[in-house]
Every structure is written in structure tokens, then in C-alpha cells.
Amino acid sequence: MTEIMSVQDLVSIADDSSRELWWRGHAQAHYQLVPALLRSPELSSVEHNLTTRFQLRAPALFPNCPEDSANKWLFLMQHHRLPTRVLDWSQSPLIAAFFGVRHHPESTGTLWAIDPIRFNDVFCGKSLIMAPGHELAAPLIRAPFQEDATPPSYSVAVLPADGHPRMSAQQSCFTVHGTPEPLENHPRREEFLVECSIPVSAKATIRNQLDRLGIRPSYVFPDLDHLAREIADGKYGT
């Protein structure tokens, strides 16, 4: 397995690929490529209840909630950590590396990359990146909002329209999952999935390099709370 010891290593890996790749960082290597909702049968059984409660209460706290768009609602829920059947990916390897080194300095991290075109070909027989309204993506995205719905058993890689400042900052893209099978356990994983290791000894170096490149919390999470925290911590000096 390739080890990433620095941002330079990461750039070299990205530069060597002729394919479009999406990236995801895990601060702990044991964390599997399974959406939060599908890690628990108990959560999966109340998916419609979770999404309904979020839709009812969110407008009082967030003035720009979507009106009728299931995909915008689903991706908004995902970005605010409601358990969903979605995994976040980024078009930027730097953003993914940020999440891979941000926490758990004592643990080896993992940087994952998927080829979204090959992903959709393997799972759906379609060699393309899907929009949320695609005939195969839409049933998976609508299922959480339909009582007693049975989601399709495949998964899709979807490039959404930006609906939230975090999505823009994080260059978000998503896989939406129909089953709890970890992607790394798929028998054809080598066709669409690449795994790189981030050793414990490299985490601080990469975190500092990303910070100097401007990939810091107030950029990845563009809100006043993260900005204030950075200023209070002396990030910008006096």
C-alpha cells in the first residue's frame, strides 16, 4: 500500500492518475466505507423518521432550507451529520487529507480515492458520473423521504449542485448507498477504489503543510464559529 508522508506525496499520487478521482480521508484506518445510517440496523429502520424530523425542525434554524428537492435535503442532512445513506467525497485530495489528519494523531489514517465513472459502471452498468436526477440515482435519493420505501440494492456516485457553503468549500461529491456492504469489501474494488496509508509519523507534518496552504478549519467549515476559534487560538497572530 502506498504511504503518504507529505503533501508532496499526495500531489504526486493525484498527478500520476489520468482518471478523474474523488477523495475521502479517514483519521483512523479501521473506519470502513459505509454510510453512518447503514452501520446500524436500528438506525436504518427509522430512516424516514429521521429525515422527517429534520425537515420539520431545520427551517427554524437554517433560513435557506430547500423547498421540495429531495437531493438537496439529503445532502444538507449529510453535511450536518444526520445519519444518512450518503458518503462524502471531495474532488480535492487536499480536502480529503485534511480529514485524514485532523484528529486521532495516535492512529494511522487512510486516504481513499474512487473513480466515479468506474464506480457507476461496476454498480449500475453506466460509465458516467450521475446527476441527482438520473433515473438510477433518483430512487435511492428519494427513498429516505418515502415511508415504507424499499431502496434499490445498488449504489451510485453523484455530483450534486452546490446547495450549501460547506459543499462549495469542500468540493463535495457523494456516493449514495443501497446496501451496508463496505466498499472496500466489494469483489471488484480494484476497478474503482484506491487506498493509501497516512502513517502516524506523517500526520503532524501533513497537517502543518495543509495549514500553510490555507486548508484549515475556517476554510473547510466556512462559518463564524470556526473563524472565531482560529482567531482565538492565535492562528493569525496579533
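Does residue 38 count as assigned to a helix (DSSP H, G or I) and either at pLDDT 95 or above or surrounded by 12 or more Cβ atoms within 10 Å (Cβ to Cβ) (or both)? When the stated conditions are applied, residue 38 passes them.
Is it the case that residue 114 is crowded, with 22+ Cβ neighbours inside 10 Å, farther than 30 Å from residue 7 by Cβ, of a type in the set (Val, Ile, Thr) and under 17 Å from the mean Cα position of the chain (by Cα)? No; evaluated as a whole, the condition is false for this residue. Is it the case that the range 47-70 has a residue that's more than 30 Å from residue 200 (Cα to Cα) and in contact with a His (Cβ under 7 Å, 6 or more places away or on another chain)? No, the range 47-70 has no match at all. In the set 153, 172, only one residue is under 25 Å from residue 134 (Cβ atoms), polar (S, T, N, Q) and crowded, with 20+ Cβ neighbours inside 10 Å; that residue is 172. The set of residues in the range 199-223 being within 18 Å of the chain's Cα centre (by Cα) and within 12 Å of residue 97 (Cα to Cα) consists of 215, 216, 220.
Whether any residue in the range 197-212 is assigned to a strand (DSSP E or B), closer than 26 Å to residue 7 by Cα and modelled with pLDDT of 95 or more is what I want to check. Scanning the range 197-212 turns up at least one residue that is assigned to a strand (DSSP E or B), closer than 26 Å to residue 7 by Cα and modelled with pLDDT of 95 or more. Just one residue in the set 215, 141 is surrounded by 15 or more Cβ atoms within 10 Å (Cβ to Cβ) and either in a helix (DSSP H, G or I) or without any contact (Cβ under 8 Å) to a residue 12 or more places away in the chain (or both); that residue is 141.
The values are calculated or read from the model by the stated rules, or taken from the named source; none is laboratory data. As the structure is a computational prediction, the values presented were derived from the model and not from experiment. Ideal geometry is used to build each Cβ from the backbone, glycine not excepted, and the neighbour counts take in all protein chains shown.
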